[in-house]
1. Could you give me the ³J(HN,Hα) list for segment A:600-605, computed from phi with Karplus coefficients 6.51, -1.76, 1.60 and θ = phi - 60°, whole Hz, x at Gly and Pro?
2. Can you give me the Cα centroid spacing of segment A:191-240 and segment B:15-57 in angstrom?
3. Which whole-number percent is the relative contact order of segment A:135-240 (Cα, under 8 Å, 6+ apart)?
4. At 37 °C and a viscosity of 0.692 mPa s, what translational diffusion coefficient does Stokes-Einstein give for segment A:148-297, taking Rh as the Kirkwood radius over Cα pairs? Give it in µm²/s as a whole number.
5. If I fit a long axis through the Cα atoms of helix A:631-645 and take the longest principal axis of the Cα atoms of chain A, what angle between them do I get, 0 to 90°, rounded to 10?
6. Roughly how tilted is helix B:550-564, in degrees to the nearest 10 and between 0 and 90, from the longest Cα axis of chain B?
7. In what order do A:Met161, A:Met661, A:Met490 fall by count of nearby beta-carbon atoms within 10 Å, going from fewest to most?
8. If Rh is defined by the Kirkwood formula over all Cα pairs and Rg also comes from Cα, what ratio Rg/Rh do you get for segment B:478-611?
Protein chains: 2
Amino acid sequence: MSSLLLIAPIAGLASVAFSVYIFQYVNRQDAGTQKMREIADAIREGAEAYLKRQNMTLGIFVAAMATILGILLSAGKSSPVNGLYAALSYLFGSACTTAAMYLGMHTAVRANVRTANAARKGLNRAFPIAFFGGAVMGFSIVGLALLGISILYCIFADPNMILYFSFGASALALFAKAGGGIYTKTADVGADLVGKVELGIPEDDPRNPAVIADNVGDNVGDVAGMGADLIDSYIASVIAAMIIGQGAKGLLAEIYTTLPMLIAALGITSSLLGTFFVRVGERGDPGTALNRGTFSTCIIFAILTFILTYSLGLGDQGLGVFLAVLAGLVAGVVIGITTDYFTSINRPPALKTAAASQTGAAINILTGFSYGILSVIPPIIGICIATIVSWYAASTFGVNPVYGVAIAAVGMLSIVGMIISSDAYGPISDNAKGVAEQSGLGEEVISIADKLDAAGNTSKAITKGFAIGAAALTVLALFAAYNEIVYLEMIDITKPMVISGVFIGAMMPPVISALLILAVGKNAFRMIEEIRRQFKEIPGLMEGSAKPDYARCVDIAAKGALKELMTPCLLAIIAPIATGLILGKEALGGFLAGSILTGIIFALFMANSGGLWDNAKKYVEEGNFGGKGSEAHKAAVIGDTVGDPFKDTAGPSLNTMITVMSLVSSVFAPLIAHVSLFSLLGL
Amino acid sequence: MSSLLLIAPIAGLASVAFSVYIFQYVNRQDAGTQKMREIADAIREGAEAYLKRQNMTLGIFVAAMATILGILLSAGKSSPVNGLYAALSYLFGSACTTAAMYLGMHTAVRANVRTANAARKGLNRAFPIAFFGGAVMGFSIVGLALLGISILYCIFADPNMILYFSFGASALALFAKAGGGIYTKTADVGADLVGKVELGIPEDDPRNPAVIADNVGDNVGDVAGMGADLIDSYIASVIAAMIIGQGAKGLLAEIYTTLPMLIAALGITSSLLGTFFVRVGERGDPGTALNRGTFSTCIIFAILTFILTYSLGLGDQGLGVFLAVLAGLVAGVVIGITTDYFTSINRPPALKTAAASQTGAAINILTGFSYGILSVIPPIIGICIATIVSWYAASTFGVNPVYGVAIAAVGMLSIVGMIISSDAYGPISDNAKGVAEQSGLGEEVISIADKLDAAGNTSKAITKGFAIGAAALTVLALFAAYNEIVYLEMIDITKPMVISGVFIGAMMPPVISALLILAVGKNAFRMIEEIRRQFKEIPGLMEGSAKPDYARCVDIAAKGALKELMTPCLLAIIAPIATGLILGKEALGGFLAGSILTGIIFALFMANSGGLWDNAKKYVEEGNFGGKGSEAHKAAVIGDTVGDPFKDTAGPSLNTMITVMSLVSSVFAPLIAHVSLFSLLGL
């Protein structure tokens, strides 16, 4: 087994090496005209400045948290771990997420302009640049994550140590996701409301002072934030399965503890092979190419996993593990496809939302809101089926059923290298379109860039559904890991403490969403004032004879985002600890269950409502119901603006938030398991 | 004990007699000018026509359900109850709700015009008519409910029989609430969107073809629907406590079974006494008068309950029961007051939402949405504290702790006679204002009517918070009653079936909300088309020289409401049965827990967001941020329209929906406890 385990760090290294190789490929491409370089430089500088600022702010938090962890875990008499090592693992996790975000962003802000330039020579020249640009982040993230996990396991041979690593990665991811989400929507909402709605100038118009901030936002919010989001689920799913696996008897304990790493290694291998299927001809469809990549990766991964589980000599148990992985994988794909139905531009939900725009913004919003909620049904049923099937597949073949659920999550997330690659393709092509428009590359090039961008939206739906489904299974596994750590045999929801825990936990995801949305509103308000000021005070700006002050808008977005992210993020860390300390460990279990429940429902509903409103607007813009400039269009734009923070700030932060809350609970479990206010009161 | 029990039917009878007496008082008042009578007649006819139609449609459903119940319960070999009696109890429950709705509506449509007419003579003349008009429904409902419960208990001496009575009352309430909610918002949204937004004519303008439908809607939605909503919680809380109470040992069983009825009787007595405190002078504030009534009722009720529990000879246990009742009562008031903060016109949430209108409708909506979610925090914490306190108050003094929670709910709901009276006052004074405006009674009278109306909004926030808090405790008690009925010792959320049940249950309230909102959107669409058609095709309508076709709009609202309510309401009945039959009784327990959780969160958030948007709009209309006609006003109107189905259709239906789902589960428990698909599969 131990020699077999070597494939984990090897796959991790190979993944990192591959991402460095394709980074060089992207970087070698021509960056186009002087004007294009100028715009791209502005975006790159803005993005790098934000990331630097964010890291300085978060650095303080990370250092403080590492100190607290180190002291608390060293001081607790009964603590089974070394406080110093725990703090170092935590720092290592934070560092890995930061590094992956840097590398991904670094490429994305270079790939956008190069994609735009290549679009001048044709679709099939531009597509690979956008795709491999995204793949840099995909492969660097999974590579670093698996490398980190296997190094820690080689040193400590103790999954609990990796828990701190996972906590470090997730906590940083939460801040990055929330901060990036606030940043991007501050700029987007501000630019749209003044530019499109008040002044009637087109999107991405260079006269708009917030246009660079908007493009920067696509990178810091979508590329870096989303990558951070997925890496944290990825690590968490592996560590949850390892913790549950180590509870197995005798020799099996080692196999079940290391198996998640091996499966992750197979996922990386499959993703690497899957990239060969992502090709598009002169007249081909980039969306189909991306989906072909995802599906090939799934099939290769299923085959490799079958071979691995068969060859480990586990007998029937191997089959149980394989079936659990398969259940997760199939559920992920089904969830992705049904999500597509609810957000796709040519399906009834988006069409009806677009049609509702004719009766005004209110009915448009009510319709999109309602279909967004209905879109929750298929994924929730999918998650339930995946949970039940993986549980019984495992238990039927003699595997711990909880391990079955955990390994299903690992299975789903293993191919995340491919998923992030397809997903990061989206903002790169979106940015490429922006660069093409701002540097006046002409109708034909813009239409190619448009086609690339549209494909990004299609693949996004599938990968987003996949990500949420995987996160759901992961938190269920983490929930089980928590119960394992605090020795809870069961959590009985007929007890008042547990009921209260469930209620408070269920309240957290909507409350944190609300705080994030208010943050966007507040910050967008500042941005709107600034844009209006510039149009009023800079003579010739509207006529195009003067340049706006881009930097000022970039600055407002960044400062506001970093200020506003603190309350919701700290709440996510403090609330579970407080619940555990006051109401006890069983109530904290209820808290986690409640937060998972509403977290998943709100994450799905917000992401899908937002996507729906966006596509309803696009449908009107295609010339339906009066097209651009009509009353229906104005209504659809309002719906789209409401959806912006839903789908790009609050919705995607929730995944990470519930993961962080689960990890916080497990990390601080040694404390919570021993004292609680109510137990001290004798209740 | 048995002679003491007589006070329950006596209090019930007294309450009904009081409501008949005040009905005559209201009816004796002068109905004003010819014009006023005409308008009032149109509203009355529309309301009566709708109620008749609704009852014919629901009659079929009720008959079918009674037959199913009768057959299923007679056929089940192991069934402990007589099918025929169960069916009759069910019919009796449906009949009680129907009768109360009729009586309440009957008065409301007479009180509105009489209030308007009395307003010509001064505020202190108009106020009692509006208040006693509402009180007719309040006291007839609680009177009929308690009378029904005590008659059934005298005949069968078996709380299980009363369960069918409760199910009948709740199922009918759900349909009435959903149907009335769709009706009222169809008319309101349609009238506002065409009248206010497109044509710029004022609210309640007689030229608007939907204006009568809108006024009818206030009565069928707010008066009848809300009364139906509260009666069902009321009965359910009493029956849940009775079922749990009968599990007590020996002689105590009888006391604990009958105690909820006695406490309800005290609640009626307190409410009757409380009406004496609702008085207002020439320059007094009607809002203060209403709140004084509520608070006096609470204090009288607390004193009477203390005397009762002390004199029953239960010793310490009596104190435990009293403290549990007190915890419920205090929590109800606290929830009401904090709710007031989040929706009141002069508090930060409404002011910030109003200010956000300056940057357009999108930010207004995002702000109101977010504060609506944040408003969930105090009531959820209040419910948790009430649950924990009543649990430990009971267990400390030797009472079954689950009984403590149930009796806290009974305590909160006992004073519902007063709560409904204050609440039904709202739509009556709203209608009075409408009648005053349409019949041109002049500025001074309209301003008095306005003052009456504003007081209705203030008292509504407190009573609404109270109602939701009470419903939450009631469903927790019903949840416990279900566990009692199916002999579940615990519900373990670490099992996959339970997790799935919780997920599916949690999905139901948002899904049913979405279906109801879509129903409003669809029906409003038809209404808008019709209003636009009339303005186009009836010459002289806009100039005021021709009369619109009111009846046509009334017809559209009614037909659509009855068509659209079926899917969501049947789903609420079928989903728990299906979950129980497929996944088993423990999963159904999880289902109930999940539905309670999101049901309460969504009910609170939707009600409060809606109230917030409404008041933000009113604040702008008072002349702030540009006042009426400004861009900010247009944005605020869009927010208000989004909030309409939130606060008056979906939000208030959720209370009833979770009660119905809990009752369905308990009623069909004899079936579910014995078979489930998964148990047949051996899983």
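Laboratory data are not the source of any read-out in this text; all were calculated from the coordinates shown. Nothing here was measured: the structure is a model prediction, and the numbers come from that model. Using ideal geometry, Cβ is built from the backbone for each residue, glycine included, and neighbour counts are taken over all protein chains shown.
1. Karplus values, whole Hz, x for Gly and Pro: 5, 4, 5, 4, 5, 4.
2. Here the two parts' Cα centres lie 57 Å apart.
3. With pairs under 8 Å counted, the relative contact order is 42 percent.
4. Numbers: Rh = 18.7 Å.
After rounding, the answer is 175 µm²/s.
5. 30
6. 30
7. Ordered by Cβ neighbours within 10 Å, fewest first: A:Met490, A:Met161, A:Met661.
8. Here the Rg-to-Rh quotient is 1.23.
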